[in-house]
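Notes for the one structure printed next.
The values are calculated or read from the model by the stated rules, or taken from the named source; none is laboratory data. Since this is a predicted model, take the numbers as computed values, not measurements. Cβ: placed from backbone, ideal geometry, glycine included. Neighbour counts: every protein chain shown.
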Amino acid sequence: MKIYTKKGDKGSTQIIGGTRVAKHHVKIEAYGTVDELNAYVGLIRDLISNEKYIEEIVEIQDRLFTIGSLLAEDKKHSNMKLPPLNESDIEYLEKSIDCMELELEPMKSFVLPGGNSIVSTIHIGRTVCRRAERKVSLLNEVETVDKRILAYLNRLSDYLFVLSRKITKELKVKETPWQPKFD
């Protein structure tokens, strides 16, 4: 099977179920941004060395593929069996967040992204996750999206933020608080 089909050369693509839509369709924007997020999460996995986080990130990447598949499906025309996203997937993120937060100082202010290239990359992943959440929320105005997908993306951005703080601490990098200027 060749990777190219030439069917999308005029600006449309086929979603799961056979329906063709414009490549700029809100559905494509939603699952395309989840795909972009998955690539950033893969970069984060490549940059860190802690096996516990790597294992968590592989699980997250699997769930992001599931989310992308669910978003790419035309439920009216698809007969494909897709893996579900479960409440336990959201709980997995929450438990990971809680575990990391046990070892962190409570936040007293917002923090500026940066201080180390790994930490900065995690923050970029977090912002792409927030964009994916916005795109999926927009899709939800056009067609019903499983509420667990929105919850998962929301929790994943929290996970990435806490991971950035945890890696900052482990690397002994200075966390820079945001200090608003009122002059």
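Residues in the range 139-157 that are of a type outside the set (A, V, I, L, M) and surrounded by 15 or more Cβ atoms within 10 Å (Cβ to Cβ) were compared, and the one that is nearest to Ile90 (Cα to Cα) is Tyr152. Does Thr121 satisfy the criteria of being touching a Phe, Trp or Tyr at 6+ places or on another chain (Cβ under 9 Å), part of a helix (DSSP H, G or I), at pLDDT 95 or above and among the hydroxyl-bearing types (Ser, Thr, Tyr)? So Thr121 fits the description; yes. Of all residues in the range 23-41, those that are more than 20 Å from Glu55 (Cα to Cα) have Cβ atoms under 6 Å from Cβ atoms of residues that are among the hydrophobic types (A, V, I, L, M, F, W, C) and surrounded by fewer than 17 Cβ atoms within 10 Å (Cβ to Cβ), 6 or more apart or on another chain, in Val26/Leu138; Val26/Val142.
Which one is farthest from Glu143 (Cα to Cα) among residues in the range 23-37 that are crowded, with 21+ Cβ neighbours inside 10 Å and either under 8 Å from the mean Cα position of the chain (by Cα) or acidic (Asp, Glu) (or both)? Filtering first and then ranking leaves Leu37. Would you call Arg165 within 22 Å of Thr66 (Cβ to Cβ), of a type in the set (Lys, Arg) and part of a helix (DSSP H, G or I)? Answer is no for this residue.
Would you mind finding the one in Val136, Val145 that is over 20 Å from Ile54 (Cα atoms), of a type in the set (A, V, I, L, M) and either in a loop (DSSP other than H, G, I, E, B) or modelled with pLDDT under 95 (or both)? Spell out how you get there, then give the answer.
On the way: Val136 fails: either in a loop (DSSP other than H, G, I, E, B) or modelled with pLDDT under 95 (or both).
Among Val136, Val145, only Val145 is over 20 Å from Ile54 (Cα atoms), of a type in the set (A, V, I, L, M) and either in a loop (DSSP other than H, G, I, E, B) or modelled with pLDDT under 95 (or both).
Scanning the range 139-183 for residues that are of a type in the set (S, T, N, Q) and over 23 Å from the mean Cα position of the chain (by Cα) returns Thr176, Gln179. In a residue-by-residue description of the range 69-88, the property of being under 30 Å from Lys169 (Cβ atoms) and crowded, with 18+ Cβ neighbours inside 10 Å applies to no position. Given the criteria closer than 20 Å to Leu150 by Cα, of a type in the set (Lys, Arg) and at pLDDT below 95, does Lys95 qualify? When the stated conditions are applied, Lys95 does not pass them.
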